[in-house]
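The values are calculated or read from the model by the stated rules, or taken from the named source; none is laboratory data. Keep in mind the model is a prediction, meaning the values are calculated, not measured. In this analysis, Cβ positions are derived from the backbone assuming ideal geometry, glycine residues included, and neighbour counts consider all displayed protein chains. Note: accessible area is taken over every heavy atom of the protein model, side chains too, but ligands, DNA and RNA are not part of it. Shrake-Rupley method; radii C 1.70, N 1.55, O 1.52, S 1.80 Å.
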Amino acid sequence: MTGTAGLIGVDWGTSNLRVMRIADGGRVLDSRSDSRGAGGLTSDQFHGVLQDVAGDWLAEGLPILCCGMAGARSRWREMAYLPCPADVGDLATAVASPRDAPRVSIVPGVAVYEDDRLQDVVRGEETQVFGLDAPDEALVVGPGTHSKWIRTSQGRMTGFRTFMTGELFAAIRKGTILGADMGEPGVDDDAFAAGVDRALRDPALTAALFSVRVEGLAGRLSAASAADYLSGLLIGAEVAAQTDARDRPVILIGAEVLCRRYAAALARGGFHDVRIADGAAATARGLWRIHEAVSR
């Protein structure tokens, strides 16, 4: 893609790294990926990996802004969490550089505190949120291993909750009696819908989970469809916890297949305005907007 880059954007996840040449407004000109995620690196390895992946781009002398797990504890440089509510200006004020790479700036995460006690954290998702052109009073949902439900208002993050849905799904399938002979998810939309509906009407999730076994014993659920039913139970429980926000537009950011599954569950839960956004594009725009705020 043609254009003039003004920023090197780095999205360093736990498992993967993405480096982007970003033009004015947050448009991605070029992108490179690498499997050396932050979860497998010590603090002294990050600079070398970045040089390996994007050394020729770094030679252009552009500012470098990094979001994600590079700022986590024991990684490149630990970045303290900013208190929520927070906006782009708050993030820009708090960026800082690792000791071995003064040209690199790292975006901090955001935390929810109650009575001065840490309650929840995000790191990386805050950059995506600020890269969205979200309406006021929106709900931004990032499905995944640890799903994030982030509330926004007038350009600020105002609160969020984390659900261990993806990790719990994998653990149940691999380590419990419910997972015995369970097939792969994505084969039975009706079973998924039944799981969502069960979770929406029964808030006792750990009791509802046992219905995977009961439905199988009763002959109403096959082993091939059990994973979809389990997925519906877990995602439905997330939706059930957000029913006070049904009037908000919902923006989903993540893998398309997973986002469509969440969209179906949200529709069953009474959410009427559900949109799917491009996560990579949102990250690039978020990095650009933070960079602009830093430069002011």
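One line per residue, one yes/no per condition, for (1) in a loop (DSSP other than H, G, I, E, B); (2) at pLDDT 95 or above:
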{"site": "2", "(1), (2)": "yes, no"}
{"site": "20", "(1), (2)": "no, yes"}
{"site": "32", "(1), (2)": "no, yes"}
{"site": "47", "(1), (2)": "no, yes"}
{"site": "62", "(1), (2)": "yes, yes"}
**Item:** For residue 187: the one exception among (1) touching a residue at least 12 places away in the same chain (Cβ under 8 Å); (2) in contact with a Leu (Cβ under 9 Å, 6 or more places away or on another chain); (3) surrounded by fewer than 20 Cβ atoms within 10 Å (Cβ to Cβ); (4) over 21 Å from residue 252 (Cβ atoms)
**Value:** (2)
**Prompt:** Can we say residue 73 is part of a strand (DSSP E or B), modelled with pLDDT of 95 or more and of a type in the set (D, E, K, R)?
**Reply:** no
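For segment 50-87, name all the residues that are among the aliphatic types (A, V, I, L, M) and closer than 21 Å to residue 5 by Cα.
50, 53, 54, 58, 59, 62, 64, 65
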**Fill in**
Taking segment 219-244 and keeping residues loosely packed, with under 14 Cβ neighbours inside 10 Å and closer than 17 Å to residue 190 by Cα leaves 219, 220, 223
**Prompt:** Condition test on residue 134, is it open to solvent by 20 Å² or more (accessible area, probe 1.4 Å), over 22 Å from residue 242 (Cβ atoms) and within 23 Å of the chain's Cα centre (by Cα)?
**Reply:** no
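Kindly indicate whether residue 120 is in a loop (DSSP other than H, G, I, E, B) and either open to solvent by 20 Å² or more (accessible area, probe 1.4 Å) or modelled with pLDDT under 95 (or both). Show your work before the answer.
Values: in a loop (DSSP other than H, G, I, E, B): no; either open to solvent by 20 Å² or more (accessible area, probe 1.4 Å) or modelled with pLDDT under 95 (or both): yes.
Considered against the rule, which asks whether it is in a loop (DSSP other than H, G, I, E, B) and either open to solvent by 20 Å² or more (accessible area, probe 1.4 Å) or modelled with pLDDT under 95 (or both), residue 120 comes out as no.
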**Request:** Please specify each residue of segment 151-169 satisfying the condition of being of a type in the set (Ser, Thr, Tyr) and touching a strand residue (DSSP E or B) at 6+ places or on another chain (Cβ under 7 Å).
**Result:** 152, 158, 162, 165
**Asked** With respect to the numbered conditions (1) under 28 Å from residue 47 (Cβ atoms); (2) open to solvent by 10 Å² or more (accessible area, probe 1.4 Å), which one is the sole condition not fulfilled by residue 111?
**Response** (2)
**Item:** Tabulated pairs, segment 25-54, first of a type in the set (Phe, Trp, Tyr), second part of a helix (DSSP H, G or I), C-beta under 7 angstrom, 6+ apart or interchain
**Value:** 46/70
